[in-house]
C-alpha cells in the first residue's frame, strides 16, 4: 500500500507532461519528543524519504537543478515526469541520512544553505522558541508597544504562545530576532543547543564533494526578504553566497527564497547578484515555470501521512503539500 500511495501521489492526476515537479525537503528524521506538545513539521522520516526517492528513480526522470535551468533557459524539451529534489537550510542529516539514500538510487539533489546556521552565527530561533515554550510555565513578550503574558498550562496555550511570537519574529530583522530571543531566554538554563541540527563547514564540504549534490544559496540569516529593507536584503543574500563560494570553492548559481517569500525587488536583486534561477513555493504543483526566478516547488512532509494511509502502516509516506514556512502543530489543537 505504501508504494502504491507514493506512485499514485507522485503521478498526480492532471500533472502535465513536460512540467517539472520540484520537491522540497528540510530535515530527514523523526519528530522531536523533546519539543512535545509542539512538533516541527519540517521533517520526513528516513523510511518516507527512501520510498519517495525509490519511486523517483524507478518511475520518474530525476534532473539536477543545473540541467533544469539550462533546459528552461534554452527552451530545450523538459522530459516527461521530470523531477528535481531540493533541501532547504543545511541540516546535518542531509549528509548523514539523505545522501546515502540518494547515492543508492543515483538521484541528484540541490541543498540550499543558510550560512549563518553553518557557522553558528545565527541561532535557529524557531527551535529555540519551541524549546522555551515547552519548558516554561509562563512567558511574557512585548512588541509594538504592547505586552502579552501567556500561562502555559495546556497544549493549546503553548501553541498559541509559540505561534504569535513566531509570526512576529519571522518577519523581523536578524538583530531584532536576536535581541528578542535573548530577552525571552534570559535566566533560562538547560535548553537544547539546536545549532547542532545543522551541518558544520567540514560536513558541508563533504556533502558538496558528492557528484550528486549541487549547493545553492539560501541567504546568511534566513530572513523574510520582502519584509526587510533593500540594503539588508541584498547584503544578506550576497553574504551567504560569498561565504559558500569562499569556503567550498564552488560557484553558487542557484537560490531559494527563505520561507518562499519574494517580490519584484527581491527577484531583481537575486538576478543582479548573478544567480541563474531561484526556487519559490506554490500551491499549484502543475504550474509550468514561466520565470527562472519563480520556479515552483511543493514540500514533502509527514503532516498528513497517517490521515491518508491510516495508523496501521509499518511506514507511511508524507503527503506532498505546498508550504512557504515551517509550521508547528499541537497534539490536541490545530495550528492557528
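The values are calculated or read from the model by the stated rules, or taken from the named source; none is laboratory data. Just so you know, these numbers come straight off a predicted model, no measurement behind them. Note that each Cβ is placed from the backbone with ideal geometry, even for glycine, and that neighbours are counted across all protein chains shown.
Numbers for the structure displayed
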item: Segment 41-55, residues that are in contact with a strand residue (DSSP E or B) (Cβ under 7 Å, 6 or more places away or on another chain), crowded, with 18+ Cβ neighbours inside 10 Å and within 26 Å of residue 208 (Cβ to Cβ); result: 42, 43, 44, 49, 52
item: Verdict on residue 167 being more than 24 Å from residue 95 (Cα to Cα), modelled with pLDDT under 95 and not in a helix (DSSP H, G or I); result: no
item: From the options 209, 179, residue that is outside the structural domain of residue 111 (by TED's automatic domain parsing), over 24 Å from residue 42 (Cα atoms) and more than 21 Å from the chain's Cα centre (by Cα); result: 179
item: Residue list for segment 25-40, filter: out of contact with any helix residue (DSSP H, G or I) (no Cβ under 8 Å at 6 or more places or on another chain) and either surrounded by 23 or more Cβ atoms within 10 Å (Cβ to Cβ) or under 13 Å from residue 97 (Cα atoms) (or both); result: 26, 30
item: Close pairs from segment 62-75: first closer than 14 Å to residue 19 by Cα, partner exposed (fewer than 14 other Cβ atoms within 10 Å of the Cβ), Cβ under 9 Å, at least 6 apart; result: 62/106; 71/77
item: Any hit, segment 120-141, residues being surrounded by fewer than 18 Cβ atoms within 10 Å (Cβ to Cβ) and under 22 Å from the mean Cα position of the chain (by Cα); result: yes
item: Residues (assigned to a helix (DSSP H, G or I) and farther than 17 Å from residue 24 by Cβ) located in segment 102-116; result: 103, 104, 105, 115, 116
item: Sole residue being in a loop (DSSP other than H, G, I, E, B) and modelled with pLDDT of 95 or more, chosen from 223, 191; result: 223
item: Residues (surrounded by 22 or more Cβ atoms within 10 Å (Cβ to Cβ) and closer than 30 Å to residue 195 by Cα) located in segment 56-85; result: 65, 84, 85
item: Residues satisfying the stated conditions in segment 238-253, i.e. without any contact (Cβ under 8 Å) to a residue 40 or more places away in the chain, assigned to a helix (DSSP H, G or I) and in contact with a strand residue (DSSP E or B) (Cβ under 7 Å, 6 or more places away or on another chain); result: 241
item: Counted residues, segment 125-145 - those being assigned to a loop (DSSP other than H, G, I, E, B) and either touching a strand residue (DSSP E or B) at 6+ places or on another chain (Cβ under 6 Å) or more than 20 Å from residue 175 (Cα to Cα) (or both); result: 2
item: Complete set of residues in segment 212-236 that are more than 13 Å from residue 111 (Cα to Cα) and within 17 Å of the chain's Cα centre (by Cα); result: 220, 221, 222, 223, 224, 225
